[in-house]
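The values are calculated or read from the model by the stated rules, or taken from the named source; none is laboratory data. Predicted model only: the values in this text are computed from it and were never measured. Heads up, the Cβs are rebuilt from the backbone with ideal geometry, glycines too, and the neighbour counts pull from every protein chain shown.
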Amino acid sequence: MPPQRFHLVALGCPKARVEAETTLAALLARGARPVDDPARADVVVVHTCAFIEDARRESIDTLLELAAARRRGRRPRLVAAGCLPQRYGAALLDLLPEIDALVGCNDLPHLLEAALGPERLLLSPRPDPAERRPQPSVPSQLPHVRYLKLAEGCSRRCAFCAIPAIRGPARSRPAASLLEEARRRLDDGAVELVLVAQDVSRYGADRPGDRVGPPLLRLLERLARLDGLRWLRLLYLYPDRLDDDFLRGLRDLPPVLPYFDLPLQHVTDRMLRRMRRGTRRRTIDALLDRIRTTFPEPTLRTSLIVGHPGETEADFRELRRFVREAGFDRIGLFRYSDEEGTPAFDDPDKVPAAVAWRRFRVLRAEARRAMRERQRRLRGRVVEVLVDGPAPESPLLRVGRTAAQAPEIDGLTYLVGGLPPPGRFVAARITRTSDSDLVADLRLP
């Protein structure tokens with residue numbers, strides 16, 4: 001018999017959320033009921049993240065908090081799933097004996113087995129993550145916004161990244177399976193689909209004869225024809241091979257938002273080589289120019305790393321200048337995390353921790369100023385907003401997002417002057433801005 005009650009926790013990136021929503025659907029199909037309070041559950045499943053030190057710490061702290069809470073009440077079975085078990089295997093049980101079972105990435109059969117039985121270690125060295133069949137899924141947050149995972153793993157070998165070692169090389173999912181999943185999401189009420197993978201731009205390029213760009217564009221053309229789809233958003237587009245044909249193809253597909261999430265990580269040639277990013281500064285600058293030429297009002301987002309081994313003060317000054325002048329709307333910052341098994345881990349030219357922290361704080365302040373300035377330009381404009389629901393602060397206030405705000409990562413638009421239902425598109429005038437959030441008035445003249 002399946003557990004009667006379960007509590008599910010999803011940590012990390014949107015790709016992990018896709019796995020958690022698949023788990024949710026599978027447990028519901030077995031007759032289990034979700035509960036908000038883990039103390040009332042028969043099993044607690046935590047989808048963990050192990051990408052960087054902060055993510056590992058959050059995962060471990062969450063597991064320990066759940067283990068401590070159950071000592072004060074009933075004792076639900078505690079299952080750790082995803083990246084943390086896949087990366088550390090049985091050693092995790094020695095570190096955290098409170099865990100009852102470990103399951104790796106994309107291993108739904110073992111995850112269900114772990115939730116039901118007494119086994120502790122259910123790890124496959126390479127679970128089949130291709131997901132060739134459409135995956136069942138239940139929204140864990142907003143039913144009108146759903147994620148679609150295009151591929152698993154990554155074939156890049158960036159010097160700082162452990163993802164290829166954890167999740168293996170890139171493996172694209174079949175287009176037919178993705179289209180069927182998308183239809184199901186839209187039939188269930190979704191109006192926005194968010195496409196995710198470790199490198200969305202390389203979808204299909206792992207197959208013989210294909211190259212970066214055309215397979216993704218073909219998939220987008222088919223997705224764009226689906227009934228009910230209003231917004232189609234792409235996350236994690238690497239900048240090295242987004243050519244003019246690809247950009248023009250995106251422009252000619254109305255549901256595809258002009259939202260470009262470009263994880264640059266750095267901008268000086270020497271650091272791009274050091275990080276093994278496969279691109280150069282002039283390529284980055286040329287791409288930004290082409291995007292702005294092709295799209296009248298694109299949203300540009302990036303992520304940057306400070307303190308990577310070999311980064312000099314000159315590199316940092318150039319990075320700071322880039323943040324100030326490049327005109328990005330959204331900037332995510334990370335302090336370098338030393339990951340065992342990566343090339344950078346063995347690099348002796350480490351940046352002292354105190355220096356990395358100083359650079360991070362300086363660049364964070366620079367990024368916030370740049371984003372505030374970009375947001376300030378929106379004041380007075382009437383924009384389309386997708387309503388997400390009640391505001392966290394008050395049920396008497398609604399929040400939503402503009403096309404320039406990806407779910408969970410880009411801030412919210414607070415709506416005043418009305419209480420429209422979740423999932424509806426409304427027009428509102430922006431009256432106030434910050435570095436991330438907006439305030440917009442529904443009472444248009």
_Residues within region 246-262 that are surrounded by 21 or more Cβ atoms within 10 Å (Cβ to Cβ) and aromatic (Phe, Trp, Tyr), tallied_ = 2
*For residues in region 75-95 being part of a helix (DSSP H, G or I) and loosely packed, with under 14 Cβ neighbours inside 10 Å, which is farthest from the chain's Cα centre (by Cα)?*
94
*Just need a number here: residues in region 5-43 that are small (Gly, Ala, Ser), part of a helix (DSSP H, G or I) and out of contact with any strand residue (DSSP E or B) (no Cβ under 6 Å at 6 or more places or on another chain).*
4
*asked:* Can you confirm whether residue 115 is under 30 Å from residue 265 (Cα atoms), hydrophobic (A, V, I, L, M, F, W, C) and modelled with pLDDT under 85?
replied: no
_Restricting to region 227-249, name every residue that is of a type in the set (A, V, I, L, M, F, W, C), under 24 Å from residue 171 (Cβ atoms) and modelled with pLDDT of 95 or more._
232, 234
*Would you check which residues across region 323-352 are more than 19 Å from residue 276 (Cβ to Cβ) and over 24 Å from the mean Cα position of the chain (by Cα) and list them?*
324, 325, 352
_Any residue at all in region 48-64 that's at pLDDT 85 or above, assigned to a helix (DSSP H, G or I) and surrounded by 21 or more Cβ atoms within 10 Å (Cβ to Cβ)?_
yes
*asked:* On the basis of being out of contact with any helix residue (DSSP H, G or I) (no Cβ under 8 Å at 6 or more places or on another chain), assigned by TED's automatic domain parsing to the domain that holds residue 319, modelled with pLDDT under 95 and more than 24 Å from residue 276 (Cβ to Cβ), does residue 192 make the cut?
replied: no
*List every residue pair whose Cβ atoms sit under 8 Å apart, with the two residues 6 or more apart in sequence or on different chains, where the first one lies in region 305-326 and is touching a residue at least 24 places away in the same chain (Cβ under 8 Å) and the second, anywhere, is assigned to a helix (DSSP H, G or I) and among the aromatic types (Phe, Trp, Tyr).*
306/316; 306/360; 307/357; 307/360
_Checking the conditions here, which among 13, 49 is touching a Leu at 6+ places or on another chain (Cβ under 6 Å) and not β-branched (Val, Ile, Thr)?_
49
*Residues 243, 227: which one is within 30 Å of residue 305 (Cα to Cα) and over 18 Å from the mean Cα position of the chain (by Cα)?*
243
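Conditions tested, residue by residue: (1) in contact (Cβ under 8 Å) with a residue 40 or more places away in the chain; (2) not in a strand (DSSP E or B).
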site	(1), (2)
411	no, yes
423	yes, yes
431	yes, no
443	no, yes
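Listed here are the residues, each with its yes/no results for (1) closer than 18 Å to residue 62 by Cα; (2) at pLDDT 85 or above; (3) crowded, with 21+ Cβ neighbours inside 10 Å.
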{"residue": "3", "(1), (2), (3)": "no, no, no"}
{"residue": "6", "(1), (2), (3)": "yes, yes, yes"}
{"residue": "9", "(1), (2), (3)": "yes, yes, no"}
{"residue": "13", "(1), (2), (3)": "yes, no, no"}
{"residue": "23", "(1), (2), (3)": "no, no, yes"}
{"residue": "30", "(1), (2), (3)": "no, no, no"}
{"residue": "35", "(1), (2), (3)": "yes, yes, no"}
{"residue": "43", "(1), (2), (3)": "yes, yes, yes"}
